[in-house]
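Notes to accompany the following structure.
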Amino acid sequence: MDKPIILVEGQYTQIELQKLKNQKIWKSKDIYKSQLKELFEILNAHLIGTPEVRNKLDSFILERSNPNPELRGNYVYYPWSGLLLHTVSEKEQNMLRTNRTSNLLTKKEQEKLGQFNAGVAGLSFGNGIAVSLVYSGAANNIKLADNDIFETTNLNRVRVGLSSVDEPKTTVTAQDIYEINPYANIKIFTDGLTDENVDSFIQENPKLNVVFDVVDNFAMKVRIRLGARKAGVPVVMLTSLEDSILVDIERFDLDPSAEIFHGLLGDVTEELLTKEMTEQDKAKYAMTIVGPQRVSYRNLLSLSEIGKTLVSRPHLYGTVSIVCGLAAYIVKRIALNEDMPSMRSHILFSDVLGVLPNKDDTLKARQILLSQLIKDPKSREN
């Protein structure tokens with residue numbers, strides 16, 4: 001896919017700038033002086049509100065605009081939108097972008113986050129996870145894997161517009177990231193994860209520090225974990241369950257001998273890798289991994305209607321947006337060596353707020369649906 005074209009101050013001439021301007025530019029925007037004002041304020045916070053601030057600000061901007069304001073600062077051209085931006089340098093851009101995390105994160109901590117390499121496999125709400133990391137100043141190196149396009153039905157949980165429909169999820173997500181941080185190093189896997197590339201995704205150019213599993217394929221979920229365990233890389237899976245979230249963290253970096261899925265799958269690992277699974281098989285394994293006690297009545301109702309009145313499991317944007325925030329929090333904890341062990345934690349919003357669950361979400365109603373969904377009574381005991 002296209003990447004931004006960047007001219008770096010001191011490394012381009014007027015001729016090279018004009019050549020760039022001769023591209024298919026639909027819109028030019030000069031934010032250079034506006035960013036200089038921001039930069040001056042954060043470097044001179046003690047002057048804000050004083051009589052001399054205006055003269056000092058004007059002098060600062062004038063100094064940074066001479067002798068030729070057109071040749072000061074960087075230019076970023078986004079070929080997919082035809083936008084040409086005149087901006088400050090990469091270093092200053094990063095300073096501005098992370099300034100309002102100051103003290104919440106020290107400068108060294110923010111640098112560690114930026115150097116923390118992340119991989120996101122599956123870009124439906126994985127799109128939101130990737131973007132959340134970048135907004136947090138994390139993962140300047142990021143890998144994205146998906147072989148699908150965005151459909152209109154994705155817009156219930158993914159913060160993209162109608163113009164993204166029919167576009168590859170990897171392309172749209174990479175563009176979202178570049179528009180936040182044009183200097184990001186993004187590697188995309190347009191075929192999604194496969195048996196042939198999963199190890200490369202985890203280990204090569206660069207090796208990841210965390211993998212987010214947002215894929216639907218159960219065999220690939222297993223392969224991700226086997227590859228991550230071999231490489232000593234943690235795997236995070238955040239499951240949206242109507243009005244709750246299952247947080248699943250496997251710290252293979254701390255315990256490379258840990259059983260995948262916390263041992264929940266027992267001896268069926270090889271079966272998952274080789275067997276052609278039916279929808280019933282998928283439902284059984286999903287229930288084993290998630291735990292039937294964590295699945296709401298309406299989630300079960302939805303699962304029972306897939307292939308009948310529904311084509312896939314529904315999600316709520318409010319829940320997915322919280323998933324994305326949790327992803328950034330978990331990465332921060334891991335990157336900064338704070339307490340974040342392997343865990344399975346179920347966050348039920350009604351419990352957090354101290355309110356009653358949905359009226360139709362009763363144990364009896366769930367058991368009836370579960371028995372219909374998974375015919376094997378032994379699977380319900382897991």
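The values are calculated or read from the model by the stated rules, or taken from the named source; none is laboratory data. Predicted model only: the values in this text are computed from it and were never measured. No Cβ is skipped: glycine too gets one built from the backbone with ideal geometry, and neighbour counts run over all protein chains shown.
Quick look at the values:
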quantity	calculated
Filter result (crowded, with 17+ Cβ neighbours inside 10 Å and over 15 Å from residue 123 (Cα atoms)) within segment 315-325	319, 322
Answer residue from segment 39-66, given it is in a loop (DSSP other than H, G, I, E, B) and either of a type in the set (Lys, Arg) or on the phi > 0 side of the Ramachandran plot (or both) and is surrounded by the most Cβ atoms within 10 Å (Cβ to Cβ) among those	64
Search result, residues across segment 22-38 that are in a helix (DSSP H, G or I) and farther than 20 Å from residue 179 by Cβ	33, 36, 37
Number of the condition not met by residue 174 [criteria: (1) assigned to a helix (DSSP H, G or I); (2) closer than 28 Å to residue 342 by Cα; (3) touching a Leu at 6+ places or on another chain (Cβ under 7 Å)]	(2)
Any hit, segment 300-313, residues being at pLDDT below 95, over 30 Å from residue 196 (Cβ atoms) and among the acidic types (Asp, Glu)	yes
Residue that is farthest from residue 148 (Cα to Cα) [pool: residues in segment 100-121 that are in contact (Cβ under 8 Å) with a residue 60 or more places away in the chain and in a helix (DSSP H, G or I)]	109
Matching entry among 81, 124 (being in a loop (DSSP other than H, G, I, E, B) and not assigned by TED's automatic domain parsing to the domain that holds residue 201)	81
Residue satisfying all of: in segment 1-21; part of a loop (DSSP other than H, G, I, E, B) and hydrophobic (A, V, I, L, M, F, W, C); surrounded by the most Cβ atoms within 10 Å (Cβ to Cβ) among these	1
Residue ID - farthest from the chain's Cα centre (by Cα), chosen from residues in segment 17-59 that are of a type in the set (Asp, Glu) and under 23 Å from residue 95 (Cα atoms)	58
Residue in segment 330-348 that is small (Gly, Ala, Ser), under 27 Å from residue 153 (Cα atoms) and in contact with a helix residue (DSSP H, G or I) (Cβ under 8 Å, 6 or more places away or on another chain) present	no
Some residue of segment 331-339 being within 19 Å of residue 242 (Cβ to Cβ) and of a type outside the set (Phe, Trp, Tyr)	no
Residue match in segment 60-83 (condition: farther than 30 Å from residue 225 by Cβ, under 20 Å from the mean Cα position of the chain (by Cα) and charged (D, E, K, R))	no
Total residues in segment 179-200, condition assigned to a helix (DSSP H, G or I) and more than 19 Å from residue 134 (Cα to Cα)	3
Members of segment 343-371 found to be of a type outside the set (A, V, I, L, M, F, W, C), under 26 Å from the mean Cα position of the chain (by Cα) and either surrounded by 12 or more Cβ atoms within 10 Å (Cβ to Cβ) or not assigned by TED's automatic domain parsing to the domain that holds residue 323 (or both), listed by number	344, 346, 350
Selection within segment 200-220 - crowded, with 16+ Cβ neighbours inside 10 Å and free of Cβ contacts under 8 Å to residues at least 60 places away in the same chain	203, 217, 219
Condition broken by residue 69, with the remaining ones in (1) surrounded by 20 or more Cβ atoms within 10 Å (Cβ to Cβ); (2) in contact with a Phe, Trp or Tyr (Cβ under 9 Å, 6 or more places away or on another chain) satisfied	(1)
